[in-house]
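Peer 1: One structure, pasted below without further comment.
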Amino acid sequence: MIVRYVVTFDESKMPNGLSLRNCLLVAALLIFIFQVFPIEICTSGNYDLNVERQKTVLVEKDVFAVYLRYKIENLSVRCQPLHRGGMFDLSISTKYVDPYLGEVSAVWVQPGERGIYNLTINFMSNESWEYVLGVYTRNFNFYEEYYGKRIHIRGFYIELQPPLTRHPGNWTINVLLEAYSLSPSLSYITLPTPVNTALLVASWGLIAYINSFILIDTYFKSKKEIIPNTRWIMVGLVLLISVYAAYQIYNFTVSIIPGES
């Protein structure tokens, strides 16, 4: 024998305000709430975004450094020129060995010209961490006058402040870099190191030899025949290019810091 039970709902006999449609709507709403809220709690529980803001003043073409240590993960870096900012060099290393700090995550930025640059560093750390700000430079007088006695000089590296410790979590370090150009003065002329000086002298010597050969050859030919104007124009262009190349070689040898990687 097969017994069938048929259940029917008589909306007229249900309590006031409760109908089958309203019950289904309430059930669907509850399911939606319980599906969504646990996700929101998990994503916001222990992963709040923390922001550290700094402002640093430096000389154009000096190398600004940020060293992070103690288990930094998911490191990402972005640098954006703002007011009058121009070209810059950006380098990142997640396993850089510093002679004083040991193994660190490192970020280096070298502004190519004066202006304002916005440096943003994002990462995550599951334990307490610390960071250090510094500059590689030969313009020691500028930083001593601007930052005072709080700086610490180690060779060509200037530590701008003692290490700062922060708690675990998702972090963003935002550094506003203001790069200044030193006024032309003999006191601010930067001299290269002995090794770089040898490279500079050799390069300038080669440029001078090429220019001397072109000038002497053109001079003796002018004694025997009429030199066309196009040749004199080419000689002038070679001289201008040589001067520009010599200046760029000087900047290159001055900006190289031995031992930097």
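Peer 1: Output the residue which, of all residues in the range 66-83 that are within 13 Å of ASN118 (Cβ to Cβ) and touching a Gly at 6+ places or on another chain (Cβ under 8 Å), is surrounded by the fewest Cβ atoms within 10 Å (Cβ to Cβ). Can you show your working first?
Peer 2: If we filter the range 66-83 for residues that are within 13 Å of ASN118 (Cβ to Cβ), which is where we start, we get 77-83.
Still in the list and also touching a Gly at 6+ places or on another chain (Cβ under 8 Å): 81-83.
Details: PRO81: 18, LEU82: 12, HIS83: 9.
Among those residues, the one meeting the criterion is HIS83.
Peer 1: Just to be sure, is GLU159 surrounded by fewer than 19 Cβ atoms within 10 Å (Cβ to Cβ) and in contact (Cβ under 8 Å) with a residue 24 or more places away in the chain?
Peer 2: Working: surrounded by fewer than 19 Cβ atoms within 10 Å (Cβ to Cβ): no; in contact (Cβ under 8 Å) with a residue 24 or more places away in the chain: yes.
No, not satisfied.
Peer 1: Here are TYR244, TYR219: which of them is among the aromatic types (Phe, Trp, Tyr), within 28 Å of LYS61 (Cβ to Cβ) and not assigned by TED's automatic domain parsing to the domain that holds LYS61?
Peer 2: Working: TYR219 fails: within 28 Å of LYS61 (Cβ to Cβ).
Of TYR244, TYR219, the one residue that is among the aromatic types (Phe, Trp, Tyr), within 28 Å of LYS61 (Cβ to Cβ) and not assigned by TED's automatic domain parsing to the domain that holds LYS61 is TYR244.
Peer 1: Out of curiosity, is VAL104 surrounded by 13 or more Cβ atoms within 10 Å (Cβ to Cβ) and either at pLDDT 85 or above or touching a strand residue (DSSP E or B) at 6+ places or on another chain (Cβ under 8 Å) (or both)?
Peer 2: yes
Peer 1: Restricting the search to the range 67-108, which residues are of a type in the set (Ser, Thr, Tyr), farther than 15 Å from MET124 by Cα and over 10 Å from the mean Cα position of the chain (by Cα)?
Peer 2: Within the range 67-108, SER93, TYR96, TYR100 meet the criteria.
Peer 1: One residue is enough: does the range 113-123 have a residue meeting the conditions among the small types (Gly, Ala, Ser), over 18 Å from the mean Cα position of the chain (by Cα) and either closer than 21 Å to ASN174 by Cα or outside any loop (DSSP other than H, G, I, E, B) (or both)?
Peer 2: Going residue by residue through the range 113-123, those that are among the small types (Gly, Ala, Ser) are 115.
Subsequent filtering for residues that are over 18 Å from the mean Cα position of the chain (by Cα) retains none.
There is no residue in the range 113-123 that is among the small types (Gly, Ala, Ser), over 18 Å from the mean Cα position of the chain (by Cα) and either closer than 21 Å to ASN174 by Cα or outside any loop (DSSP other than H, G, I, E, B) (or both).
Peer 1: Tell me which of these PRO258 doesn't satisfy, since it passes every other one: (1) in a loop (DSSP other than H, G, I, E, B); (2) within 26 Å of GLY112 (Cα to Cα); (3) at pLDDT 80 or above.
Peer 2: Of (1) in a loop (DSSP other than H, G, I, E, B); (2) within 26 Å of GLY112 (Cα to Cα); (3) at pLDDT 80 or above, only one is false for PRO258: (3).
Peer 1: When you scan the range 218-228, do you find a residue that is among the β-branched types (Val, Ile, Thr), closer than 25 Å to LEU240 by Cβ, surrounded by 11 or more Cβ atoms within 10 Å (Cβ to Cβ) and modelled with pLDDT under 80, even just one?
Peer 2: Of the range 218-228, the ones among the β-branched types (Val, Ile, Thr) are 218, 226-227.
With the extra rule that they be closer than 25 Å to LEU240 by Cβ, the set shrinks to 218, 226-227.
Of the ones still in play, those that are also surrounded by 11 or more Cβ atoms within 10 Å (Cβ to Cβ) are 218, 227.
With modelled with pLDDT under 80 added as a condition, the list becomes 227.
Looking for residues that are among the β-branched types (Val, Ile, Thr), closer than 25 Å to LEU240 by Cβ, surrounded by 11 or more Cβ atoms within 10 Å (Cβ to Cβ) and modelled with pLDDT under 80, one finds at least one in the range 218-228, hence yes.
Peer 1: Pairs under 7 Å by beta carbon, first residue in contact (Cβ under 8 Å) with a residue 12 or more places away in the chain in the range 55-82, partner among the acidic types (Asp, Glu), six or more apart or different chains?
Peer 2: Short answer, once both residue conditions are applied: VAL57/GLU178; GLU60/GLU113; TYR67/ASP98; ARG69/GLU130; TYR70/GLU127; TYR70/GLU130; LYS71/GLU127.
Peer 1: Something else about it: With respect to ILE227, determine if the residue is assigned by TED's automatic domain parsing to the domain that holds LEU199 and either within 40 Å of the chain's Cα centre (by Cα) or in a helix (DSSP H, G or I) (or both). Spell out how you get there, then give the answer.
Peer 2: Numbers: assigned by TED's automatic domain parsing to the domain that holds LEU199: yes; either within 40 Å of the chain's Cα centre (by Cα) or in a helix (DSSP H, G or I) (or both): no.
Spelling it out, it is not the case that ILE227 is assigned by TED's automatic domain parsing to the domain that holds LEU199 and either within 40 Å of the chain's Cα centre (by Cα) or in a helix (DSSP H, G or I) (or both).
Peer 1: Confirm whether LEU90 is surrounded by fewer than 20 Cβ atoms within 10 Å (Cβ to Cβ) and either among the basic types (Lys, Arg) or touching a residue at least 24 places away in the same chain (Cβ under 8 Å) (or both). Let's see the steps before the verdict.
Peer 2: Details: surrounded by fewer than 20 Cβ atoms within 10 Å (Cβ to Cβ): yes; either among the basic types (Lys, Arg) or touching a residue at least 24 places away in the same chain (Cβ under 8 Å) (or both): no.
So LEU90 does not fit the description; no.
Peer 1: OK, next. Looking only at the range 136-170, how many residues end up being touching a strand residue (DSSP E or B) at 6+ places or on another chain (Cβ under 7 Å) and in a strand (DSSP E or B)?
Peer 2: Of the range 136-170, the ones touching a strand residue (DSSP E or B) at 6+ places or on another chain (Cβ under 7 Å) are 136-137, 139-140, 142-143, 146, 151-152, 156-161, 163-166, 168-170.
Filter once more, so that each one left must be in a strand (DSSP E or B): 136, 152, 157-159, 164-166, 169-170.
Total meeting the criteria: 10.
Peer 1: A further question on this structure: Is the range 62-81 home to any residue that is assigned to a strand (DSSP E or B) and out of contact with any strand residue (DSSP E or B) (no Cβ under 7 Å at 6 or more places or on another chain)?
Peer 2: Taking the range 62-81 first, the residues assigned to a strand (DSSP E or B) are 63-69, 72-81.
When the remaining residues are screened for being out of contact with any strand residue (DSSP E or B) (no Cβ under 7 Å at 6 or more places or on another chain), the result is none.
Looking through the range 62-81, none of the residues is assigned to a strand (DSSP E or B) and out of contact with any strand residue (DSSP E or B) (no Cβ under 7 Å at 6 or more places or on another chain).
The values are calculated or read from the model by the stated rules, or taken from the named source; none is laboratory data. Everything numeric here is computed off the predicted structure, so don't read it as measured data. In this analysis, Cβ positions are derived from the backbone assuming ideal geometry, glycine residues included, and neighbour counts consider all displayed protein chains.
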